[in-house]
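*Asks:* First the structure, which I've put down as structure tokens, then a few questions once you've had a look.
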Amino acid sequence: MSIRALRDDGHAPCSHVAGLIHEHLDDIDRRMAELAATRDAVRALADRAATTDPAACGADDICTILTPTQP
């Protein structure tokens, strides 16, 4: 139900609004965690790029920086 509809029905929508705010905060936290993980992955690629010798690229490689490393 919308905030306006709750008010029009004579109910204070404050708890509904608070719930929506918490949903938005949870979504922001989730997206921030995803961005942090992406940042870490890109940082790892940047570190690999800084130490990669272009001469090490094999004929079958497009770029060794983008080749997955073996664990």
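*Asks:* Among the numbered conditions (1) over 29 Å from the mean Cα position of the chain (by Cα); (2) in a loop (DSSP other than H, G, I, E, B), tell me where Pro68 comes up short.
*Replies:* (1)
*Asks:* Would you point out the residue of the stretch 49-63, among those that are out of contact with any helix residue (DSSP H, G or I) (no Cβ under 7 Å at 6 or more places or on another chain) and in a helix (DSSP H, G or I), that is surrounded by the fewest Cβ atoms within 10 Å (Cβ to Cβ)?
*Replies:* Step by step, filter the stretch 49-63, then rank; the result is Ala55.
*Asks:* Shifting gears a bit: Please work out if Ile21 is part of a loop (DSSP other than H, G, I, E, B) and either over 14 Å from the mean Cα position of the chain (by Cα) or surrounded by 10 or more Cβ atoms within 10 Å (Cβ to Cβ) (or both).
*Replies:* Taking the combined requirement at face value, the residue does not satisfy it.
None of the figures in this text is laboratory data; all of them are computed from the coordinates on show. From a predicted model like this one, the values you see are computed outputs, not experimental measurements. Methodologically, a virtual Cβ is constructed for each residue, glycine included, from the backbone with ideal geometry; neighbour enumeration extends over all protein chains shown.
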